[in-house]
Amino acid sequence: MSLKKLDMAVIFLLFIASFSNSKADRDFDVRQHLSTVTRYGAVKDIVDNSFIPSAIPDGCTPIHLNLVARHGTRSPTKKRMRELEKLASHIKELIKDAKEKNLSLQKVPAWFHKWESPWYGKLKGGELDIKGEEELYQLGISVRERFPDIFNEEYHPDVYPIMTTQVPRASASAVAFGMGLFSGKGSLGPGRHRAFAVTSESRASDTILRFFDCCQTYKDIRKNQEPAFDKLKEPILTETTSSLAKRYEFNFTGQDISSLWFLCKQEATLLDTTDQACSLFSPTEVALLEWMDDLQMFIVKGYGKSLNYRMGVPLLKDVVQSMDEAIKAREGNQVPGSYEKARLRFAHAETVVPFSCLLGLFLEGSDFERIQKEEPLDFPLKPPHKRKWRGSTVAPFAGNNMLVLYSCPANSSSKYFVHVLHNEHPIPMPGCGDTDFCPFQVFKDKIVEPHLKHNYDTLCNANLDQPPKPETNMLSQLFRWLFGWGNDDAQARGVEL
């Protein structure tokens with residue numbers, strides 16, 4: 001090939017690559033990359049296309065449903081609203097300083113000049129947003145329509161118990177869900193709504209839905225790890241700060257970037273605004289910031305430490321107990337309407353994430369076997385590598401797990417099966433041969449039983465008189481990662497920054 005033809009080929013390849021990248025950027029929807037601040041509707045239909053869901057056999061009918069759901073989209077907390085007000089003040093100071101020094105502000109985004117926090121002056125925060133109400137209301141309707149055989153009884157709180165934590169956004173989510181679930185079933189107002197009961201335990205003793213808040217060992221360890229989490233974020237925030245400072249010729253600090261990323265998540269989720277704070281970041285930077293959030297979720301709430309999910313065993317026991325009772329009622333030919341048909345729970349990401357881990361969801365390769373052996377797992381892979389562990393799908397606002405118990409009287413090997421759905425879609429369970437439709441006894445033996453050897457009180461109240469031991473394995477892994485210690489295969493394991 002001549003030199004001229006070679007040059008033309010290189011130019012053509014560069015053009016194709018540039019076109020491909022620009023198309024990828026255009027197709028990039030930041031609302032799907034906001035970790036656990038992602039709205040349900042943005043991600044609920046994002047599934048693993050390589051997984052083929054089970055076909056429910058003919059003759060199998062659903063007889064009981066367990067739901068564990070996170071509250072819907074919420075407003076920022078009072079603390080985070082004050083953070084955004086500080087960001088607005090600092091941006092004003094930087095602009096004023098630049099003007100006094102006759103520095104160019106040509107590249108500074110126009111919206112910076114008059115920006116105020118959308119939540120400026122608001123005195124309360126953290127409540128369920130109107131978008132969150134809609135999420136749970138629609139989820140209630142969807143669940144009822146999908147499982148008419150379960151929701152065909154006259155309402156009674158013993159037949160359809162609804163449980164929530166005492167946190168208002170969770171209880172409001174339970175109410176919104178119930179309004180959708182029972183819409184048209186009553187006589188109240190034009191929508192023919194009906195009254196229904198929502199119950200909760202005291203925060204101090206709710207070991208089923210707020211096990212994380214009742215577990216002193218967990219709280220001590222989490223507090224002890226906070227400095228390491230701050231260190232964890234530094235490299236990405238430093239790199240992003242440098243990039244944005246050059247791009248916009250503006251003297252950003254690391255705290256500014258952290259607050260702007262938080263603002264991006266709030267604007268995109270609550271206001272559907274993606275052309276302000278979110279537009280500051282490139283898709284590559286968004287992917288890294290999202291991964292930073294996902295990694296912290298992995299360490300604090302997920303597979304990063306076994307205590308994170310093993311303290312959720314009381315919830316797992318409650319789920320299995322409800323299914324055992326449903327089978328007993330069916331075997332005993334109890335009269336319809338005299339026994340429970342669904343147990344509906346509304347809580348937090350700190351509930352849904354550990355529960356997903358107890359089921360063994362979102363694992364890579366041989367990770368399930370490693371968990372059974374109580375071996376630590378590697379961190380989720382850094383972009384651009386693909387990973388299953390994403391906060392936006394594991395626990396978005398209104399994220400949920402449903403375990404539907406089926407009766408299959410014609411099946412010779414097992415008469416009862418558990419169908420597992422995450423965000424309303426079937427999801428494989430490694431503990432049951434990567435199927436979503438698992439024989440109930442296999443589910444108990446392979447997935448539930450290994451966790452039951454861990455007693456909540458022993459896990460959570462051991463050695464309270466002693467200071468918490470440093471988390472040597474996790475912290476040493478973090479510091480090897482942060483400061484370049486360790487061997488070359490760290491990169492292959494996805495723990496490099």
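The values are calculated or read from the model by the stated rules, or taken from the named source; none is laboratory data. Remember, it's a predicted structure, so these values are computed and weren't measured experimentally. A quick note on method: Cβ atoms are made from the backbone with ideal geometry, for glycine too, and the neighbour counts reach across all protein chains shown. For the accessible areas, the whole protein counts, side chains as well, though only heavy atoms, and no ligand, DNA or RNA atoms are used. Shrake-Rupley method; radii C 1.70, N 1.55, O 1.52, S 1.80 Å.
The table below gives the values:
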| item | result |
| --- | --- |
| Sequence-distant lysines (8 or more away, or on other chains) whose Cα lies within less than 27 Å of Lys328 | Lys317, Lys341, Lys415, Lys444, Lys446, Lys453 |
| Environment charge of Ser202, counting only residues whose C-beta is closer than 13 Å and scoring Lys/Arg +1, Asp/Glu -1 | -1 |
| Spatial separation of Cα centroids for the stretch 70-95 and the stretch 249-315, in angstrom | 14 |
| Accessible surface, the chain, averaged per residue in Å² (probe 1.4 Å) | 48 |
| Sparse-neighbourhood loop sites, trypsin sites (Lys or Arg not before Pro) in the stretch 69-108 - DSSP loop, at most 15 other Cβ within 10 angstrom | Lys101, Lys107 |
| All Cα pairs of the stretch 201-253, percent lying beyond 13 Å | 69 |
| Cβ crowding within 10 Å averaged over residues, with 228-238, 423-433, 171-181 ranked highest first | 171-181, 423-433, 228-238 |
| Within straight-line cross-link reach of Lys122, aspartates and glutamates at Cα separation under 13 Å, skipping those fewer than 8 residues along the same chain | Glu83, Glu85 |
| Cβ-defined net charge surrounding Glu85, 14 Å radius [Lys, Arg +1; Asp, Glu -1] | +3 |
| Projected area, mean over directions - the chain, Cα convex hull, nm² | 31.1 |
| C-alpha center-to-center spacing [the stretch 373-410, the stretch 127-144] in angstrom | 22 |
| Helix axis angle, 130-146 relative to the chain longest principal axis, alpha carbon, degrees | 40 |
| The stretch 241-284: radius of gyration over Cα atoms, expressed as a fraction of 2.2 N^0.38 Å | 1.13 |
| Extension reserve of the Asp97-Ser205 stretch, reckoned as 0.36 nm per residue once the Cα distance is removed | 33.6 nm |
| Extended-chain gain in nm, criterion 0.36 nm per residue less alpha-carbon gap, His385 and Asp27 | 127.0 nm |
| Packing-based order for 355-362, 312-319, 367-374, using average beta carbon neighbours within 10 Å, highest first | 355-362, 312-319, 367-374 |
| Per-selection metrics, the stretch 142-238 (Cα): Rg and Dmax in Å | 20.0, 58 |
| Under 10 Å, Cβ to Cβ, from Lys301 - net charge with Lys/Arg +1 and Asp/Glu -1 | +1 |
| Mean separation of Cα contacts under 8 Å, 6 or more apart, over the residue count of the stretch 112-210: relative contact order % | 30 |
| Cα-based convex hull, the stretch 314-387, per residue volume (Å³, whole number) | 151 |
| Where a label projected 7 Å from the Cα of Glu331 along Cα→Cβ would reach, residues of the stretch 406-429 with amide N under 18 Å | 406-418 |
| Sorted largest first, extent of the stretch 77-127 alpha carbons per principal axis (Å) | 43, 16, 12 |
| Whole-number percent relative contact order across the chain, with pairs defined as alpha carbons under 8 Å at least 6 apart | 25 |
| For the chain, with +1 on Lys and Arg beta carbons and -1 on Asp and Glu, the positive-most of Asn152, Ile46, Ser187 along the dipole | Ser187 |
| Share, in percent, of DSSP beta bridges within the chain that are antiparallel, nearest 5 | 70 |
| Any cysteine of the chain lacking a neighbouring Cys Cβ under 4.7 Å - listed by number | Cys214, Cys357 |
| Residue-averaged 222 nm ellipticity for the chain, from DSSP H runs of 4+ at -39500 (n - 2.57), nearest 500 | -13500 deg cm²/dmol |
